[in-house]
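Notes to accompany the following structure.
The values are calculated or read from the model by the stated rules, or taken from the named source; none is laboratory data. For clarity, every value in this text was computed on a predicted model and none was experimentally measured. Cβ placement follows ideal geometry from the backbone for every residue including glycine, while neighbour counts extend to all protein chains displayed. Heads up: the accessible areas ignore ligands, DNA and RNA and are worked out on the full protein's heavy atoms, side chains in. Shrake-Rupley method; radii C 1.70, N 1.55, O 1.52, S 1.80 Å.
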Amino acid sequence: MMKLKAALTSVALAGSIAAVSTPAMARDTISIVGSSTVYPFATVVAERFGTKTDFATPKLESTGSGGGLKLFCQGIGTQHPDITNASRRMKPSEYDMCQGNGVTDITEFRIGSDGIVIASSNNAENLDISLEQLFLALAKEVPNPDNENELIANPYDKWSDIDSSLPNVAIQVMGPPPTSGTRDAFVELAMQGGCEDLPAVADMSEDDMEGVCHSMREDGPFIEAGENDNLIVQKLMSDSGMYGIFGYSFLEENADRLQAARLNGMVPTVENIAADQYPVARSLFFYVKKAHVGVVPGISEYVEEFASQAAMGRNGYLKSVGLIVPPRDALMDLQDKAASMPNLQKSELL
């Protein structure tokens, strides 16, 4: 973790220098925006890249996946980013936005996986829960127990109020704030996964359904913990009735103290997450603006470093900082893609 923190500090400094010293239309530093989840991994690659090559250390900004794609798709020219990171795949509507603004040649790289866990102290009663039960515990509005087609303010105080097989303790879950990429992924994968088939939302428009499925309760059982996962761990250790939401890599770092809930019958493991079998697993991506390759120095070389065996092999440095790296065949495909830079087609996103 110290190496990761040092890399983040170094790249942040390099980015600050680049921001004030490099003219917008005469840039020699790679500009990367996007996902806060991918940011630490991309930062480590950028630091290695800046150290081992003659190119400037890339400048990174954590803007969120959606914000990064919006910036990336604004146009061609060195006033716009070269690369954007994403903790989800580009949407067809974002692809259309890129195309409409002249960003027609894009290469997509799937760089690995991450999983979001529900963790507790090893001394706590572990959860074995479905996504629907998790939604019922944490959503702002839920179906009326007496009328499944009607939504009401969440009435559940204890896990056992939802199902008698669940712990007879108060619902207390600490999780990330709305600004977090982990929060975005959690509501999209876990909350929506447990909500979208309920009769009460069946006839809603997509926007209205997301409004219900993505809204976390605000009456106490869900507690926003900020971006400090160490704070969550400390609270879990002091309160056996508390559960926490964070990425798998942090669970792995604290495996001697924490346990993970079983979701839809599946335990979060490296194998289950990499195979997309764990229900709250997500793929991580970055996208390259091909029109900038050869204009801003080092883009191809940065991509090659990211896809290298040293970075993403079985013993690669990204694995050591928590990335669930792709299996061997997928990594070879990624390296081939780094060499050929094929254009992403809209049909691949549908």
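Annotations for the structure displayed:
- Computed helical MRE - 222 nm, the chain, DSSP H runs ≥ 4 contributing -39500 (n - 2.57), nearest 500: -10000 deg cm²/dmol
- Shown here: semi-axes √(5λ) of the Cα gyration tensor in Å, derived from the displayed model; of the candidates (i) 34, 25, 20; (ii) 28, 24, 20; (iii) 38, 23, 18, it corresponds to (iii).
- Phi to ³J(HN,Hα) by Karplus 6.51 cos²θ - 1.76 cosθ + 1.60 over segment 57-71, Hz, x for Gly, Pro: 5, x, 8, 10, 10, 8, 10, x, 4, x, x, x, 5, 5, 5
- Distance between the 7 Å Cα→Cβ label points at Gln335 and Ser300: 1.8 nm.
- Here segment 78-153 has 40 percent of its accessible surface on carbon and sulfur atoms, given a 1.4 Å probe and all protein chains in place.
- Taking other residues whose beta carbon is less than 11 angstrom from the beta carbon of Tyr243, and scoring Lys, Arg as +1 and Asp, Glu as -1, yields -1.
- For the residue pairs Lys52/Lys289; Lys52/Lys290; Lys319/Lys346; Lys290/Lys337, the C-alpha atoms sit more than 19 angstrom apart in Lys52/Lys289; Lys52/Lys290; Lys319/Lys346.
- Across segment 68-118, the fraction of Cα-Cα pairs farther apart than 13 Å, rounded to a whole number, is 60%.
- Solvent-accessible surface of the chain, taken per residue with a 1.4 Å probe and all protein chains present: 44 Å².
- Under-5 Å amide H pairs with Lys158, H placed in peptide plane, nonlocal only: Ile171
- Cα centroid of segment 221-279 to Cα centroid of segment 135-190, whole Å: 17 Å
- Among beta bridges identified by DSSP and lying wholly in the chain, the antiparallel ones come to about 70 percent.
- Net charge of neighbours whose Cβ lies under 9 Å from the Cβ of Ala170, counting Lys and Arg as +1 and Asp and Glu as -1: 0
- Under 5 Å between amide hydrogens, built in the peptide plane, is the criterion, and for Leu198 it picks out nothing among residues at least 5 positions away or on other chains.
- Residues whose placed amide H lies under 5 Å from that of Thr37, excluding near-sequence neighbours: Gly181
- 0 to 90° range, to nearest 10: angle between helix 229-238 axis and the chain longest Cα axis: 30 degrees
- Under the Karplus curve 6.51 cos²θ - 1.76 cosθ + 1.60, θ = phi - 60°, whole-Hz ³J(HN,Hα) for segment 269-279, x wherever Gly or Pro sits: 10, 4, 5, 5, 6, 4, 8, 6, 8, 6, x
- Using the Karplus relation 6.51 cos²θ - 1.76 cosθ + 1.60 with θ = phi - 60°, the per-residue 3J(HN,Hα) values for segment 129-139 come to 9, 8, 5, 5, 5, 5, 4, 4, 6, 10, 6 Hz, with x marking Gly and Pro.
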